[in-house]
Each structure stands twice: as structure tokens, then as C-alpha cells.
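Engineer: Quick one: this structure, given as C-alpha cells, is what I'll be asking you about.
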Amino acid sequence: MKTSTSQSLFAEAQRLIPGGVNSPVRACKSVGCDPRFILRAAGARIFDADGNEYIDFIGSWGPMILGHNHPAVLEAIRQAMANGTSFGAPCPLEVELAAMVTDALPSVDMVRFVNSGTEATMSAVRLARGYTGRKVIVKFDGCYHGHADSFLVKAGSGIITLGIPGSPGVPDDIVRNTISIPYNNEEILEKTLRDSALDIACVIVEPVAGNMGVVLPAPGFLEKLRALTSELGIVLIFDEVITGFRVSYGGAQQKFNIMPDLTCLGKIIGGGLPVGAYGGKKEIMSLISPLGPVYQAGTLSGNPLAMAAGVATLKALQEPGFYDRLERKAAGFADSLQQLAAKYLAEATLNRQGSVMTLFFGPGPISDFDSAMRADAAKYARFYREMLELGIYLAPSQFEGMFLSAAHTSEDLAKTLEMTEWSFKKIQN
Ligand code: KE4
């Protein structure tokens, strides 16, 4: 593939932007190649600056469940744009999207929109600390909740991908108030919560982990987590930035029938524009300024264009049968991928929740950070590079998800499987 334009853009970008990217995982460092600079996207496809076309399985890291540039989303943004891009004042679209989110999630009585998943999770943790008067938060190894200081302890996503233990710049007294324990380990969970109950403000969890690769909750794990946090008066925060409106219209909490105290959202609810949100029980959300004393604010929160994109996206997701069709498509693709992996790879484990999945190049079962780390990231990197050259755009990390959308056709998936078989053969030796 010709990549000279991307290469020269990357050289210039590295002069001006740390690592040449505005988010580390995009630098493709862990998969041993330079990033392709993308000019445009449509449906299940993206097109780079050298004119190369790819079938896209990143989908902007989750938002593009409808596919890129869905006509209804584009039209909604166009209409909103004609009225102005930002008011710094409340607008009707915020109310409309808030109503859709609270209707979709019975555990969410009230919601506050922010501009990113990180803002959502950091605000939810501040709120939990304000509500309980306690300082300590509990997270799970390999889960990623954005880049706020409290979360950069044994975190997933770019932290795993770049192999860094945490991050300089996070003061010890912040780290001291974050406990990170193994995902899916009920025994350690119970001991940790009971030993420090009086100090723990909240547990924040990805109900389906997506940042150490996709890792599903073990049967009973989320139920145990809910029972313990309820008993001990600890706020349970579901970080549904990936799973919200992805694994079902009501998110993982609907799928697994668990009512968290607070929920964090992002990605899909912005339809590709910058939106995050946190919400939950009125008793807790009432503490948020200006209603209550816990402060949180944002210049562009509730931005009309982003709200319009979110409303249009959620309306499209309400189409009868949307999730059933996506599930059938994803299940069929995963089965075929699993068969190819079994045929060509010595060790492979496919974890999937609906339309988000990860093929680990390592032995299963993969149920937590340590087992995910057994995967052969170097082999994945070779696979990634082969697929990229064949026009298949995967996550540039073994420890991220692969996202299918409504826009992926059966021909797209058949071609992807054909290219996968070709790539498996190439990396075998
Ligand atoms: P943002 O601040 O990146 O919008 O959201 C942070 C976040 C919070 N919670 C979960 C479960 C998340 O997955 C994320 C962000 N996801 C990563 C990819 N797994 C974003 C990609 C990137 O960092 O460039």
C-alpha cells in the first residue's frame, strides 16, 4: 500500500503533537507500524490520506454502532449547526437526550452530560466521595476508566498497550486511595470491601471489560458486587462508556439485570461527537451543583451539535430488531473467526459480548488481567500488520475490542474472514 502521505503527515504531526497523536493508542506503537491518517469515513469504511480503503472494526473505539456518517445523524448535525454551534446555555436538545437516556436506563433518574468518558467517570467518583464522605475507590486490574489521576492504577487500554505500570504525575496520596483488585475474583472482592468498608466510597467497574481486550463478567460476579456494595453502603458505579447502548439498548445493566447506583456513558450517546454522561439515583445525583454542593461544570457540556447527534443515534437504535440483527451478524462472524483460529493458531481465545469482541492470541479461558496478559501481543502485531495491508482496520492493540456495526455487510465480513485466513497462514511460521 502507498503510505507516503500518511508518513509525511506523521512526521509533521510528531513535530507538533506528542507522539504525533492526540491519544496514545492511535500511535500504533505496540503493533510496530506508523498510523494511517484518515481523511473520511462512510458506513463500515474509512479512507486514508493515500487513498487506501479499509473495512473499519474500530468504529472510533465504539461510537459508530450505526456505521460512519449515518444519514440521519448527519442530517441532525446539519440542522443543529444551522442554528449555531454552541450557546453556553441550556437548549432543548439536552432535555431530549436526557429523557432518552433516563428512559433507556431505569437505574438513572437524573443525568448530567459532559464531554468525554473520562469526565463522566471522574465526576461520578467525586460524587460518590461527596455522597459517602469516604475517600477510597476500588477498581479492577485491566479496567480503564479514562485518564483521571485516580484511575491510572493497573489500568487497561493504552496503559496496558504501552506496557506502563501507571503514570508519573499521579501523587502518591491519590494512588493510595485507589485499590485495584483482580476482575472476576469474588473472594478478593469480598475481603477487600469488608476489610475497608468504612473507607470505601465506591467501586467502579466495566460490567463487561473492554480495555484488557473483551473480558466477560463471570456468572454471579456482578450480582456479588451489587449485593456487597448494597450491604456495605458503597456506591456501585457501572462504567458503561463502551457497553452503554452497545450490548443492548439498556446497556450491560439491562443485559445482566443489575441496577448500579451510578452509570457512566460516552461514545455511542454522542454519535461520534464529544459526549460523556453520568447519572443515577436522584438521591445521589441531587448532590451535584447547582442542586447540591458537589461541583462539576463544563463549557461545552450539552453542546447542541453533540446532543443532536446523540438523539439521532439513539432514535436509530430504537428501530425494532436492531440489536437482534446485530447479534446474529456478530455471532455468525465470531463463529467463523473461531473456526479459522482453531485451524491455524496454536492458541487463540475469542471473547465476545454482542457486537464487541477480542481474539486473544493466547490460551483461554481469559477472565482477568493476568490471563489476558498471557496473550502473544507480538503475534497479534504481526496479524495486525498483515490485515492492515489487506485493507482491514483492526484495533492497534491486542488489548482492545473489535467493533461490528449495522453498516458491516455480509460481503464485508466474508472478505474480512478471507483476509484473516490469509493472514493466519502468513504469521504461522
Ligand atoms: P474517553 O475519555 O476516552 O472519552 O473515555 C474514557 C473511557 C472510560 N471508560 C471506558 C470503559 C473506556 O473504554 C474509555 C475509553 N476507551 C478507550 C478505548 N478502549 C478510548 C480510546 C483512546 O484512549 O484513544
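The values are calculated or read from the model by the stated rules, or taken from the named source; none is laboratory data. Just so we're clear, the structure is a prediction, and the values are computed from it rather than from any experiment. No Cβ is skipped: glycine too gets one built from the backbone with ideal geometry, and neighbour counts run over all protein chains shown. Heavy atoms of the whole protein, side chains included, go into the accessibility calculation; ligands, DNA and RNA do not. Shrake-Rupley method; radii C 1.70, N 1.55, O 1.52, S 1.80 Å.
Engineer: Here are some residues: Arg385, Arg325, Arg352. Which one is under 20 Å from the mean Cα position of the chain (by Cα) and open to solvent by 10 Å² or more (accessible area, probe 1.4 Å)? Break it down stepwise before answering.
Structural biologist: Numbers: Arg385 fails: under 20 Å from the mean Cα position of the chain (by Cα); Arg325 fails: under 20 Å from the mean Cα position of the chain (by Cα).
Result of the check over Arg385, Arg325, Arg352: Arg352.
Engineer: Let me ask another. Out of Leu222, Leu216, Leu228, which single residue is at pLDDT 95 or above, away from the ligand (no atom under 16 Å from the Cβ) and among the aliphatic types (A, V, I, L, M)? Working first, answer last.
Structural biologist: Working: Leu222 fails: away from the ligand (no atom under 16 Å from the Cβ); Leu216 fails: away from the ligand (no atom under 16 Å from the Cβ).
Residue meeting the stated conditions: Leu228.
Engineer: Hey, another quick one. For residues in the stretch 1-38 being of a type in the set (S, T, N, Q) and within 15 Å of the ligand (Cβ to nearest atom), which is most open to solvent (accessible area, probe 1.4 Å)?
Structural biologist: So the residue we want is Asn22.
Engineer: A further question on this structure: Quick check on my filter: what residues within the stretch 87-114 are surrounded by 21 or more Cβ atoms within 10 Å (Cβ to Cβ) and touching a Ser or Thr at 6+ places or on another chain (Cβ under 8 Å)?
Structural biologist: Leu105, Val108, Val111, Arg112, Phe113, Val114 - these are the residues of the stretch 87-114 that are surrounded by 21 or more Cβ atoms within 10 Å (Cβ to Cβ) and touching a Ser or Thr at 6+ places or on another chain (Cβ under 8 Å).
Engineer: On to the next question. Regarding the stretch 199-211, can at least one residue be identified that is in contact with a helix residue (DSSP H, G or I) (Cβ under 7 Å, 6 or more places away or on another chain), away from the ligand (no atom under 15 Å from the Cβ) and open to solvent by less than 50 Å² (accessible area, probe 1.4 Å)?
Structural biologist: Checked against the condition, which is being in contact with a helix residue (DSSP H, G or I) (Cβ under 7 Å, 6 or more places away or on another chain), away from the ligand (no atom under 15 Å from the Cβ) and open to solvent by less than 50 Å² (accessible area, probe 1.4 Å), the stretch 199-211 yields at least one hit.
Engineer: If Tyr183 satisfies every condition in (1) buried (at least 21 other Cβ atoms within 10 Å of the Cβ); (2) within 16 Å of the ligand (Cβ to nearest atom); (3) not in a loop (DSSP other than H, G, I, E, B) but one, which is the exception?
Structural biologist: (3)
Engineer: Being closer than 13 Å to Asp335 by Cα and either in a strand (DSSP E or B) or among the aromatic types (Phe, Trp, Tyr) (or both) is the filter here; which residues of the stretch 354-365 pass it?
Structural biologist: Residues satisfying the conditions are Met357, Thr358, Leu359.
Matching residues to (1) within 30 Å of Met387 (Cα to Cα); (2) assigned to a helix (DSSP H, G or I):
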residue: Ile46; (1), (2): yes, no
residue: Gly51; (1), (2): yes, no
residue: Ile55; (1), (2): yes, no
residue: Leu66; (1), (2): yes, no
residue: Glu75; (1), (2): no, yes
residue: Phe87; (1), (2): no, no
residue: Phe113; (1), (2): no, no
